[in-house]
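S.K.: Attaching a single structure in structure tokens format; questions to follow.
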2 protein chains.
Amino acid sequence: MGSRTGVNYTIIRRVCIIDLAGNGRTFAAKYKKITMTNLVLDKELPAVSKLSTVEKSSGKGDTMKALVYHGAGRKSWEQTAKPVLQEPTDAVVRILKTTICGTDLHIIKGDLPEVKDGRILGHEGVGIVEETGSAVSNFKKGDHVIISCVTSCGKCEFCKKGMYSHCEKGGWILGYMINGTQAEYVRIPYADNSLYAIPAGSDEEALVMLSDILPTGFECGVLNGQVKPGDTIAIVGAGPVGMAALLTSQFYTPAEIIVIDQDNNRLKVAKTFGATHIINSAEENAVEKIMGLTGGRGVDTAIEAVGVAATFELCEAIIGAGGHIANIGVHGKPVTLHLETLWSRNISITTRLVDTVTTPMLFKTVQSKKIEPKKLITHRFKLDQMIEAYDTFEHAAKEKALKVILEN
Amino acid sequence: MGSRTGVNYTIIRRVCIIDLAGNGRTFAAKYKKITMTNLVLDKELPAVSKLSTVEKSSGKGDTMKALVYHGAGRKSWEQTAKPVLQEPTDAVVRILKTTICGTDLHIIKGDLPEVKDGRILGHEGVGIVEETGSAVSNFKKGDHVIISCVTSCGKCEFCKKGMYSHCEKGGWILGYMINGTQAEYVRIPYADNSLYAIPAGSDEEALVMLSDILPTGFECGVLNGQVKPGDTIAIVGAGPVGMAALLTSQFYTPAEIIVIDQDNNRLKVAKTFGATHIINSAEENAVEKIMGLTGGRGVDTAIEAVGVAATFELCEAIIGAGGHIANIGVHGKPVTLHLETLWSRNISITTRLVDTVTTPMLFKTVQSKKIEPKKLITHRFKLDQMIEAYDTFEHAAKEKALKVILEN
């Protein structure tokens with residue numbers, strides 16, 4: 001989920017653990033193995049986490065290759081310690097396929113300073129269970145699994161109500177607060193709740209899209225946007241997550257799907273994915289065009305899949321009375337909410353950090369080929385071509401890249 | 001729904017007809033009897049209507065007394081033409097009881113320049129049907145009725161889906177685009193859908209609260225805020241509409257109801273109406289207090305019943321993960337939406353112009369004394385004491401006024 005805001009509309013990664021108490025110390029006190037170094041309060045950091053854990057290694061000298069972050073602007077594909085079980089609820093998974101997300105680019109750029117030097121990046125992938133802790137009962141060595149970008153303990157108040165994103169001990173931590181999936185092996189906490197079984201014979205490449213972008217586009221965009229049959233919907237941003245919203249919105253048979261971006265290649269792809277109308281907002285007035293398309297009424301649902309003020313405010317301008325603005329984008333700055341016109345429009349605005357509660361349901365739609373997320377994969381590399389893959393993904397517009405797959 | 005923002009938190013009236021097409025001319029063209037004089041586009045007017053109709057009189061010289069607006073700063077209780085039927089769907093109603101709303105004060109102040117000199121104000125009241133058009137079948141002469149602040153044709157796309165507020169021929173027009181209820185008689189368009197029958201023996205004074213403030217507090221605040229048993233909710237603004245939200249929120253048995261205002265008298269009243277905690281935000285830090293009360297988690301629902309940026313942003317600051325901000329306030333200016341923190345909080349923000357779809361349901365709760373909206377009435381006048389009543393309502397804090405009742 002590239003992060004190029006401005007020229008191209010591309011979703012910025014949106015998994016993140018937040019400080020439920022609004023008080024880093026309170027949260028940290030509840031959470032064992034947290035260093036206080038990077039703890040900051042909500043107000044100090046733009047939508048990023050405030051805790052960090054210490055990783056253990058076997059001490060036996062077992063090593064593996066991984067993409068390691070070494071502070072702003074520095075990453076390397078290097079030999080590092082192979083992860084080991086730390087808790088009875090852990091599993092260690094051998095990575096089969098992984099991918100790169102726009103958030104990884106943000107971390108490398110230094111936008112998320114709470115990420116420590118030495119952190120292995122990545123929060124998406126499929127793999128084979130290598131080892132399980134004594135409390136893990138859903139999985140055993142040799143099982144093929146989807147790794148969810150969101151870690152869920154399954155026991156806290158938020159997990160019990162299906163808000164795994166706000167899990168008191170999990171949420172987005174992979175490749176952020178703990179080591180991630182751009183490696184030969186990864187440790188997955190709360191494996192029973194954070195992994196999903198893959199039946200033999202599945203197309204595992206397609207299933208990498210279930211780690212994050214499909215549930216993100218679906219839960220934050222389509223479900224929150226309350227897409228219904230016959231609706232006219234707009235998707236602002238045709239990056240991977242916008243495309244995931246485009247694919248999954250069609251479960252609900254909207255009449256018209258208008259996709260807005262500033263990259264003609266992505267718009268062309270969106271058309272082949274089911275967009276009924278495409279608008280290059282760099283070349284034409286998107287508001288006027290959409291108002292023209294909707295007889296002046298505006299759209300029923302506007303899905304924001306970019307994460308900048310201009311695109312959110314575009315959603316405000318095109319939303320029809322009774323409509324729903326579903327925000328997917330990660331925002332680093334406030335936006336202007338035009339309540340002076342919207343107060344009377346009977347609209348909803350929703351935000352959401354993906355909960356991945358729909359992963360099992362989305363899995364069925366992929367297996368039954370109701371959607372084909374494999375279409376989002378534009379480039380393939382071997383795992384040890386990680387740096388080359390990053391280079392391609394960093395130049396997504398030039399390379400016409402959506403998702404890149406790295407295979408072990 | 002007083003409009004004093006700043007010192008006291010008091011809801012500004014929030015019924016309003018909007019330009020569905022975002023284009024006054026388009027709308028006007030659909031709407032017979034509209035003068036184009038005051039037509040302006042959404043962007044030019046802060047949440048107010050853009051059409052105006054010409055009223056007819058019998059020509060027989062029948063007159064009545066009414067509160068007439070004569071341009072900014074000028075109103076009078078004067079002799080004027082008695083309304084007559086203009087369409088087969090009209091009824092003429094003799095007013096028994098009416099009231100004054102904060103929006104009426106706004107109109108008189110000149111804040112709604114589209115209101116024409118000569119307009120009779122008022123959009124709330126109960127009365128007796130005096131005469132019905134040939135197409136009216138639900139009511140007959142002599143029936144006692146509640147007059148809804150929102151006029152609904154019952155036939156357009158919005159009415160068919162229960163969004164009467166956006167009725168293509170109605171919405172809020174009473175005392176705004178057509179003559180209103182602060183008079184001895186009023187013409188009610190689409191009477192079958194815009195009036196509600198009152199059974200004999202009802203307490204009609206209490207039922208005046210069903211014209212507007214009860215459905216407004218309930219629909220825009222409680223329903224949109226998804227109040228549930230056990231929830232902790234905050235109501236920001238203890239004016240009449242905030243109080244209506246306070247009363248009706250208790251249908252759903254929240255565990256805690258925190259009411260925030262800057263008027264100690266209103267807070268004291270809120271306590272007697274069911275608030276479990278009251279906060280004077282002029283005297284203490286409301287955010288800190290609420291975070292303390294909720295263990296740092298924030299509230300499940302925050303109901304904004306004021307209509308200024310500071311109170312909306314207070315709601316943003318106190319909303320818990322997974323919570324709902326339900327806006328009731330009429331906003332004249334944009335607000336800052338802190339998406340840099342809220343994007344990941346799984347929240348909803350809703351806006352709504354009251355649809356009055358819950359009027360029949362609320363009627364049952366009043367009749368069965370599940371709520372007693374009569375408690376909102378602080379002052380009573382005879383209809384011809386209209387100017388005195390306005391004077392009291394204009395000085396609501398000093399007079400300790402919530403709703404004033406005028407009786408014919």
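Every residue, every condition in (1) touching a helix residue (DSSP H, G or I) at 6+ places or on another chain (Cβ under 9 Å); (2) in a strand (DSSP E or B), yes or no:
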| position | (1), (2) |
| --- | --- |
| A:Gly73 | yes, no |
| A:Trp77 | yes, yes |
| A:Leu85 | no, no |
| A:Thr103 | no, no |
| A:Ile108 | yes, no |
| A:Lys140 | no, no |
| A:Cys149 | yes, no |
| A:Cys159 | yes, no |
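S.K.: Which one is nearest to the other protein chains (Cβ to nearest Cβ) among residues in the range B:331-342 that are part of a loop (DSSP other than H, G, I, E, B) and at pLDDT below 95?
M.R.: Of the range B:331-342, the ones part of a loop (DSSP other than H, G, I, E, B) are B:331-334, B:338.
Still in the list and also at pLDDT below 95: B:331-333.
On the way: B:His331: 4, B:Gly332: 6, B:Lys333: 5 Å.
Checked the range B:331-342; the qualifying residue nearest to the other protein chains (Cβ to nearest Cβ) is B:His331.
S.K.: Turning to a different aspect of this structure: For the range A:267-303, which positions are of a type in the set (Lys, Arg), open to solvent by 70 Å² or more (accessible area, probe 1.4 Å) and within 14 Å of another protein chain (Cβ to nearest Cβ)?
M.R.: Of the residues in the range A:267-303, the ones of a type in the set (Lys, Arg) are A:268, A:271, A:289, A:297.
Subsequent filtering for residues that are open to solvent by 70 Å² or more (accessible area, probe 1.4 Å) retains A:268, A:271, A:289.
Scanning the range A:267-303 gives a single hit, A:Lys289.
S.K.: Go through the range A:335-356 and give me each residue that's without any contact (Cβ under 8 Å) to a residue 12 or more places away in the chain and in contact with a Ser or Thr (Cβ under 9 Å, 6 or more places away or on another chain).
M.R.: A:Leu339, A:Trp343, A:Ser344
S.K.: Select from the range B:305-330 the residues that are within 9 Å of chain A (Cβ to nearest Cβ) and under 15 Å from B:Val241 (Cα atoms) and write down the one among them that is surrounded by the most Cβ atoms within 10 Å (Cβ to Cβ).
M.R.: The extreme case among them is B:Ile328.
S.K.: Could you go through the range B:154-166 and let me know if any residue there is farther than 20 Å from B:Val357 by Cβ and crowded, with 22+ Cβ neighbours inside 10 Å. Quick ask: steps written out before the conclusion?
M.R.: Pass one, the range B:154-166, residues farther than 20 Å from B:Val357 by Cβ: none.
Within the range B:154-166, not a single residue is farther than 20 Å from B:Val357 by Cβ and crowded, with 22+ Cβ neighbours inside 10 Å.
S.K.: Can you say whether A:Ser348 is modelled with pLDDT of 95 or more, over 18 Å from A:Ile100 (Cβ atoms) and open to solvent by 50 Å² or more (accessible area, probe 1.4 Å), as far as the supplied structure shows? Reasoning before the result, please.
M.R.: On the way: modelled with pLDDT of 95 or more: yes; over 18 Å from A:Ile100 (Cβ atoms): yes; open to solvent by 50 Å² or more (accessible area, probe 1.4 Å): no.
No.
S.K.: Within the group A:Glu313, A:Glu288, A:Glu304, A:Glu284, which residue is under 30 Å from A:Ser194 (Cα atoms), outside the structural domain of A:Ser152 (by TED's automatic domain parsing) and modelled with pLDDT of 95 or more?
M.R.: On the way: A:Glu313 fails: under 30 Å from A:Ser194 (Cα atoms); A:Glu288 fails: under 30 Å from A:Ser194 (Cα atoms); A:Glu284 fails: under 30 Å from A:Ser194 (Cα atoms).
The unique qualifying residue is A:Glu304.
S.K.: Take the residues in the range B:54-100 that are over 30 Å from B:Ser134 (Cα atoms) and in contact with a Leu (Cβ under 9 Å, 6 or more places away or on another chain), then tell me which one is surrounded by the most Cβ atoms within 10 Å (Cβ to Cβ).
M.R.: Applying the first criterion (over 30 Å from B:Ser134 (Cα atoms)) to the range B:54-100 yields B:69-78, B:100.
Now drop any that are not in contact with a Leu (Cβ under 9 Å, 6 or more places away or on another chain), which leaves B:69, B:75-78, B:100.
Numbers: B:Tyr69: 25, B:Lys75: 20, B:Ser76: 13, B:Trp77: 19, B:Glu78: 14, B:Ile100: 29.
Looking at the filtered set, the residue picked out is B:Ile100.
S.K.: In the range A:345-354, is there at least one residue being closer than 25 Å to A:Met209 by Cβ, of a type in the set (Ser, Thr, Tyr) and more than 10 Å from every other protein chain (Cβ to nearest Cβ)?
M.R.: Going through the range A:345-354, the residues closer than 25 Å to A:Met209 by Cβ turn out to be A:350-354.
Narrowing further to those that are of a type in the set (Ser, Thr, Tyr): A:350-351.
Imposing the further condition that a residue be more than 10 Å from every other protein chain (Cβ to nearest Cβ) reduces the set to none.
The answer is no, given that none of the residues of the range A:345-354 is closer than 25 Å to A:Met209 by Cβ, of a type in the set (Ser, Thr, Tyr) and more than 10 Å from every other protein chain (Cβ to nearest Cβ).
S.K.: State yes or no: is B:Gly201 assigned to a loop (DSSP other than H, G, I, E, B) and out of contact with any strand residue (DSSP E or B) (no Cβ under 7 Å at 6 or more places or on another chain)?
M.R.: Values: assigned to a loop (DSSP other than H, G, I, E, B): yes; out of contact with any strand residue (DSSP E or B) (no Cβ under 7 Å at 6 or more places or on another chain): yes.
Judged against the criteria, B:Gly201 is a match.
S.K.: Further question on the same structure: Only one of (1) open to solvent by less than 10 Å² (accessible area, probe 1.4 Å); (2) not in a strand (DSSP E or B) fails for B:Ile387. Which number is that?
M.R.: So the condition that B:Ile387 fails would be (1).
S.K.: State all residues of the range A:134-152 that are open to solvent by 10 Å² or more (accessible area, probe 1.4 Å) and of a type outside the set (Lys, Arg); if no residue qualifies, say none. Working first, answer last.
M.R.: Our first condition is that a residue be open to solvent by 10 Å² or more (accessible area, probe 1.4 Å); within the range A:134-152, this holds for A:134-144.
A:Ser134, A:Ala135, A:Val136, A:Ser137, A:Asn138, A:Phe139, A:Gly142, A:Asp143, A:His144, listed by residue number.
S.K.: Then there is this: Name the residue that is surrounded by the most Cβ atoms within 10 Å (Cβ to Cβ), counting only residues in the range A:224-266 that are of a type in the set (A, V, I, L, M), assigned to a helix (DSSP H, G or I) and in contact with a strand residue (DSSP E or B) (Cβ under 8 Å, 6 or more places away or on another chain).
M.R.: Taking the range A:224-266 as the starting set, the residues that turn out to be of a type in the set (A, V, I, L, M) are A:227, A:233-236, A:238, A:241, A:243-247, A:255, A:257-260.
Filter once more, keeping what is assigned to a helix (DSSP H, G or I): A:241, A:243-247.
Then drop every residue that is not in contact with a strand residue (DSSP E or B) (Cβ under 8 Å, 6 or more places away or on another chain), which leaves A:245-246.
On the way: A:Ala245: 35, A:Leu246: 26.
If we take residues in the range A:224-266 being of a type in the set (A, V, I, L, M), assigned to a helix (DSSP H, G or I) and in contact with a strand residue (DSSP E or B) (Cβ under 8 Å, 6 or more places away or on another chain), then A:Ala245 is surrounded by the most Cβ atoms within 10 Å (Cβ to Cβ).
S.K.: If you scan the range A:354-383, which residues turn out to be open to solvent by 20 Å² or more (accessible area, probe 1.4 Å) and either aromatic (Phe, Trp, Tyr) or under 14 Å from A:Gly125 (Cα atoms) (or both)?
M.R.: Residues satisfying the conditions are A:Phe363, A:Lys374, A:Arg380, A:Phe381, A:Lys382.
S.K.: Identify the single condition in (1) touching a residue at least 40 places away in the same chain (Cβ under 8 Å); (2) more than 13 Å from chain B (Cβ to nearest Cβ); (3) within 28 Å of B:Cys167 (Cβ to Cβ) that A:Gln250 does not satisfy, given that it satisfies every other one.
M.R.: In the conditions (1) touching a residue at least 40 places away in the same chain (Cβ under 8 Å); (2) more than 13 Å from chain B (Cβ to nearest Cβ); (3) within 28 Å of B:Cys167 (Cβ to Cβ), A:Gln250 misses (3) alone.
S.K.: Just give me the residues in the range A:391-408 being assigned to a helix (DSSP H, G or I), touching a helix residue (DSSP H, G or I) at 6+ places or on another chain (Cβ under 8 Å) and not hydrophobic (A, V, I, L, M, F, W, C), in sequence order.
M.R.: Restricting attention to the range A:391-408, the residues satisfying the condition of being assigned to a helix (DSSP H, G or I) are A:391-394, A:396-399.
If we keep only those that are touching a helix residue (DSSP H, G or I) at 6+ places or on another chain (Cβ under 8 Å) too, we end up with A:392-394, A:397, A:399.
Once the filter is applied, which keeps residues that are assigned to a helix (DSSP H, G or I), touching a helix residue (DSSP H, G or I) at 6+ places or on another chain (Cβ under 8 Å) and not hydrophobic (A, V, I, L, M, F, W, C), the range A:391-408 yields A:Thr392, A:Glu394, A:Glu399.
S.K.: Out of all the residues in the range A:196-223, which are over 21 Å from A:Ala275 (Cβ atoms), crowded, with 22+ Cβ neighbours inside 10 Å and in contact with a Phe, Trp or Tyr (Cβ under 8 Å, 6 or more places away or on another chain)?
M.R.: Selection gives A:Leu207, A:Leu210.
S.K.: A further question on this structure: Out of curiosity, is A:Glu388 more than 30 Å from B:Ser348 (Cβ to Cβ) and either out of contact with any helix residue (DSSP H, G or I) (no Cβ under 9 Å at 6 or more places or on another chain) or within 13 Å of chain B (Cβ to nearest Cβ) (or both)? Give the derivation first.
M.R.: On the way: more than 30 Å from B:Ser348 (Cβ to Cβ): yes; either out of contact with any helix residue (DSSP H, G or I) (no Cβ under 9 Å at 6 or more places or on another chain) or within 13 Å of chain B (Cβ to nearest Cβ) (or both): yes.
The answer is yes for A:Glu388.
S.K.: Still on this structure, I have one more. Out of all the residues in the range B:368-379, which are out of contact with any Ser or Thr (no Cβ under 7 Å at 6 or more places or on another chain) and in contact (Cβ under 8 Å) with a residue 60 or more places away in the chain?
M.R.: Restricting attention to the range B:368-379, the residues satisfying the condition of being out of contact with any Ser or Thr (no Cβ under 7 Å at 6 or more places or on another chain) are B:368-370, B:372-378.
Correct list: B:Lys370, B:Glu372, B:Pro373, B:Lys374, B:Lys375, B:Leu376, B:Ile377.
The values are calculated or read from the model by the stated rules, or taken from the named source; none is laboratory data. Everything quoted here is computed from the prediction, not taken from an experiment. Glycine gets a Cβ as well: all are built from the backbone with ideal geometry, and neighbour counts include every protein chain shown. Areas reflect the complete protein model, heavy atoms only, side chains present, ligands, DNA and RNA absent. Shrake-Rupley method; radii C 1.70, N 1.55, O 1.52, S 1.80 Å.
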